[in-house]
Amino acid sequence: MKIFNSENSFEDKVNFVDENNIFIGYDLKQQCCEQAYYYITDEIIKPEVFNRKNIKDYSENNEILKDYIFDIENGITDIADGIVIKLTSEGKKDLFLHLYNIHNGYYAHSYLIKNNDVIIDEDKL
């Protein structure tokens, strides 16, 4: 799996793609005082807990992530303020991509999950 960031004055997005061409896109454009971002951990952790504790985030380690693929058949879970997608790699512990948006109910951020050209899920957090 690879992570591609687009951070400029017009668009703030992050895209994830694995070797099976599973694509996950997430809009990070700041609108007001909401907190929208992502992290990858080895367990499902609510955003408010992750932000308060010193938990290992694998999202900055492309060497570890390169062999992982998304488990979109069994591995998509809704959590408070976000969604979690399971990552698997043969012989390695599972990892979990968390997309989240902590806000007052007004400022939403869109995500899209595709398998090649087939949309698996799209919604707003």
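See the values below:
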quantity	calculated
Residue-by-residue Karplus 3J(HN,Hα) for region 21-27, coefficients 6.51, -1.76, 1.60, Hz, glycine and proline x	6, 7, 10, 10, x, 9, 7
Amide H contacts under 5 Å for residue 12, placed H, 5+ residues apart	28, 29
Two-site FRET efficiency, residue 17 against residue 123, from Cβ-Cβ distance with R₀ of 25 Å, rounded to 0.05	0.85
Order of 125, 112, 97 - criterion: other Cβ atoms within 10 Å of each residue's Cβ, fewest first	112, 125, 97
Cα→Cβ-extended label distance, 7 Å offset, between residue 108 and residue 79, nm	2.2
Two-site FRET efficiency, residue 64 against residue 32, from Cβ-Cβ distance with R₀ of 22 Å, rounded to 0.05	0.05
Solvent-free Debye scattering, log10 I(q)/I(0), computed from the Cα coordinates of region 81-125 at q = 0.26, 0.30, 0.33 Å⁻¹	-0.97, -1.06, -1.13
Size of region 2-124 as Cα extents on the principal axes (Å, biggest first)	42, 36, 26
Under 20 Å from the Cα of residue 114 - lysines, other chains or at least 8 residues apart	2, 13, 66, 86, 124
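Coordinate-derived values only; no laboratory data. Just so you know, these numbers come straight off a predicted model, no measurement behind them. FYI the Cβ positions are ideal-geometry reconstructions off the backbone, even for glycines, and counts take in every protein chain you see.
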